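To start, the structure itself, in structure tokens.
Computed from the coordinates by the stated procedures, all read-outs in this text should not be read as laboratory data. None of these values were measured; they are calculated from a predicted model. Cβ sites come from the backbone with ideal geometry, for glycine too, and all protein chains shown count toward neighbours.
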Amino acid sequence: MRHIISILMENEPGALSRVVGLFAQRNYNIETLNVAPTEDPSLSRLTVTTVGDDRVIEQITKHLNKLIDVVKLVDLTEGNHIERELMLVKVKALGAARDEVKRTADIFRAQIVDVTASLYTVQITGDAGKLDAFLQAMAPIGILEVARTGVSGIARGDKVLSL
Amino acid sequence: MELLSGADMIARFLQDEGVEYIYGYPGGAALHIYDALFRQDKVKHILVRHEQAATHAADGYARASGKPGVVLVTSGPGATNAVTGIATAYMDSIPMVVICGQVMSHLIGDDAFQETDIVGVTRPIVKHSFSIKHPSEIPEVLKKAFYLASTGRPGPVVVDIPKDMTSPTERYEYVYPKKVKLRSYNPVTRGHTGQIKKAVELMLKAKRPVFYTGGGVVSGGASEALTDLVRRLGYPITTTLMGIGAYPQGDRQCLGWLGMHGSYESNMAMHHADLIIAIGARFDDRVTNNTSKFCPTAKIIHVDIDPSSVSKTVRADVPIVGPAGSVINEMISLVQGKEIAHPEALGEWWQKVDGWREERVGKLYEPSGPGEKIKPQEVIEAMCRVTRGEAFVTTDVGQHQMFAAQYYKFDKPNRFITSGGLGTMGFGFPAAMGIKQNFPEDQVICVTGEGSFQMMMQELSTCKQYGVGVKIVNLNNASLGMVRQWQDLNYKSRHAHSYMESLPDFQKLIEAYGFTALRVETLDELEPALERTFADKHELVFLDVQVDPREHVYPMQVPLGSMRDMLLSKTERT
Ligand SMILES: Cc1ncc(C[n+]2csc(CCOP(=O)(O)OP(=O)(O)O)c2C)c(N)n1
Ligand SMILES: [Mg+2]
């Protein structure tokens, strides 16, 4: 099963490489990864999506917790949560396709954020499934470039991941 | 307030931390630190002949004394030479602080002379590592390094120090940090009481229980508590290779050690048990054999200080995360005054266990006949007699390691010192050196093989310099015996590169360093030679015993089988 693990870690050089290295070293898989500082400049938040059965996920979270740079973590998939990813896509937009791209973008509540004579750059946010669906819709028209941030997430309700 | 250079801060910190010995080897990036150590005399620096030996010596020192071992090496090749020793300490959870010189901070990343990203190289084999970014951080970072290395599940910590951080011309305020806090690191101090209660209930109700205990009991200083608990309950106990001596091996309840080359009765008892009480052991693959066939009828209680060890390879029914000592003590207070539920079942269980034990009496190996080569097992048995089982025994890796573990009987923890997790040839001799310096009045023996000894024999020179009187017992089978055994069993005896050609004349080699060496070829020479070897505990003596190269280590678990599937000799199998 796919899990989204969000980690608060020391905002120190080397911290990221310890987390990433752990996944490589122990043969765990990383599907997406994103990391950025939080409102507390001494902390970064890293979100990783990974796939594994319960035993593997238990080991992943235990080993992550063991890293000295990891301050706290949560497996968001254990509860209700909000999952978002941002994607920028360059798609061919010539002739009839120009309208088609615009219409599809509207349906997906995506925005066109840059335009040239031959292409549109579309920005879209949502869960991974929505982004995949948009790419599928664009594929026949012609996708030129894709930049995805990887999943970020947060728990629903009163639960807060903080120190 | 005191103003000190970075280098002087390191020397002062080590003094204030109570470090007695630091094992190292100098080089450009570490020279300011060396100069600072030279100008003081509280911390003794031991100059090894290879950085790997520095880490093994510090490791041996740490295992025997319980205090963290300390290593100092220079950047680049100095640091990379230390890597094997860091990995060895990591696999066996040994507290160690390794200070590495590094090129000047403004050169980092330029492929400067002797630059290696040692923090990167060692990342998967350390508990944690630090890079010094400013000299003023040095005292606090070092304190954190010692704290991390020696608390919780111990392990090696690397501190990388660019040369300019130790410059003698810049001075900063030095205060010895008595305490440090890391917000993300809070090792557990006791187990969950509810879980411990549950465990004790199972323990009291068990019909075929076995204690299976490991290095965590030794490093947790919990041997006495364990012995108390095991005696109260009257259950059989087997230990891992790393746990040898945590419970007296001479005691009737002790079945020896378990696993790939463990005792027949240990492995049989584990397989047939209905309850396994695992403490400070990690269900390593050299113990469990095939996990899907592991102990089919047993419930498992697993006590470990490291949550990631629990249910890693074998699922625990009652997991308890906590230090061995406090958990065992809590167990003792819960069993106090209680009766076990099935004393008659325990009686039957002991009959079975004793039956297994008796089955193998006198059949463990075939003693050498007249005119035949000495059996390696005979050497260890004689060595145990001559030293009354009281010595510190380190080993290298191979058949001699397994024979030493099987035939020397240890009644105390921290006495059998071996590279269990990584299996590092070359470990034994420098480790013995580190132990001898801390226990000068004890006999410290390195049981080695001619293959392993040649990996670290340059340390004879270190022993000469510091007058380190360790004993080296070389079970010389003129082959990489353990490799040869596997080739006999799995490759139709095709001995690909497992024999040793052009062995040195060990006697001459040792004598070249001014030490005594004895060579033994026949059984009648053995005891007198051993007596001579151990006559003066301050003298280094090398005993070269020519042993039978055809001997195999048994029992040996059959690959992919259960714990009870064992080869018992070249012709017998369970
Ligand atoms: C550094 C290292 N290299 C290779 C091995 C693989 N290995 C395990 S046992 C062994 C043979 C050791 O020979 P020796 O020291 O003579 O001991 P013996 O088995 O003959 O008693 C080898 C090569 C190892 N454990 N460590
Ligand atoms: Mg050999």
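Of note:
- Net dipole in debye of segment B:193-359 [+1 Lys, Arg Cβ; -1 Asp, Glu Cβ; about Cα centre; nearest 20]: 340
- Here segment B:231-262 and segment A:89-113 have alpha carbon centers that stand 72 Å from each other.
- Euclidean distance of C-alpha centroids, segment A:14-78 and segment B:1-41, integer Å: 37
- In angstrom, the C-alpha Rg and Dmax of the protein assembly as shown are 29.4, 100.
- Cβ neighbours within 10 Å from other chains - mean over B:129-140: 1
- Taking the inverse of the mean reciprocal distance over all distinct Cα pairs, the Kirkwood hydrodynamic radius of segment A:2-78 comes to 12.3 Å.
- Length-normalised contact order of segment A:82-151 in % [C-alpha pairs under 8 Å, at least 6 apart]: 49
- In loop segments of segment B:453-512 as defined by DSSP, the GluC sites (Glu not before Pro) with at most 15 further C-beta atoms inside 10 Å of their C-beta are B:Glu501.
- HN-Hα J in Hz across segment B:178-191 - Karplus 6.51, -1.76, 1.60, θ = phi - 60°, x for Gly and Pro: 5, 9, 10, 10, 10, 5, 9, 10, 10, x, 5, 10, 7, x
- With contacts taken as Cα pairs under 8 Å and at least 6 residues apart, chain A reaches a relative contact order of 28 percent.
- With N the number of residues in segment B:427-574, Rg(Cα) / (2.2 N^0.38 Å) evaluates to 1.19.
- Based on Cα contacts under 8 Å between residues 6+ apart, segment B:228-367 shows a relative contact order of 20 percent.
- Estimated FRET transfer efficiency (B:His342, B:Asn490; beta-carbon r; R0 60 Å; 0.05): 0.90
- Loop-located trypsin sites (Lys or Arg not before Pro) in segment B:287-332 whose Cβ has at most 15 other Cβ within 10 Å (DSSP): B:Arg315
- Within 10 Å of the Cβ of each residue in A:67-78, the mean number of Cβ atoms contributed by other protein chains is 2.
- Note on the protein assembly as shown: with charges restricted to the Cβ of Lys and Arg (+1) and Asp and Glu (-1), its dipole about the Cα centre is near 1580 debye.
- Label-point gap, in nm, between B:Thr571 and B:Arg385 - each point 7 angstrom along Cα→Cβ: 2.7
- The protection proxy used here, the mean number of other Cβ atoms lying within 10 Å of each residue, ranks peptides B:238-247, B:405-414, B:191-200 as follows, highest first: B:238-247, B:405-414, B:191-200.
- Simple Cβ-charge dipole of segment A:1-53, Lys/Arg +1 and Asp/Glu -1, about Cα centre, in debye nearest 20: 200
- Each of the peptides A:123-136, B:147-160 was scored by the mean count of other Cβ atoms within 10 Å over its residues; in descending order, highest first, they stand as B:147-160, A:123-136.
- Inter-label distance, nm, simple model (7 Å from Cα along the C-beta direction), B:Asn186/B:Val335: 3.1
- Descending by average beta-carbon neighbour count within 10 Å, the peptides B:440-447, B:133-140 line up as B:440-447, B:133-140, the highest first.
- Other protein chain Cβ atoms within 10 Å, averaged over every residue that makes up B:306-314: 4
- Beta bridges assigned by DSSP with both partners in the protein assembly as shown are antiparallel in approximately 45 percent of cases.
- For chain B, the square roots a ≥ b ≥ c of the C-alpha gyration tensor eigenvalues yield an a/c of 1.5 or more together with a/b not exceeding b/c, which makes the shape oblate.
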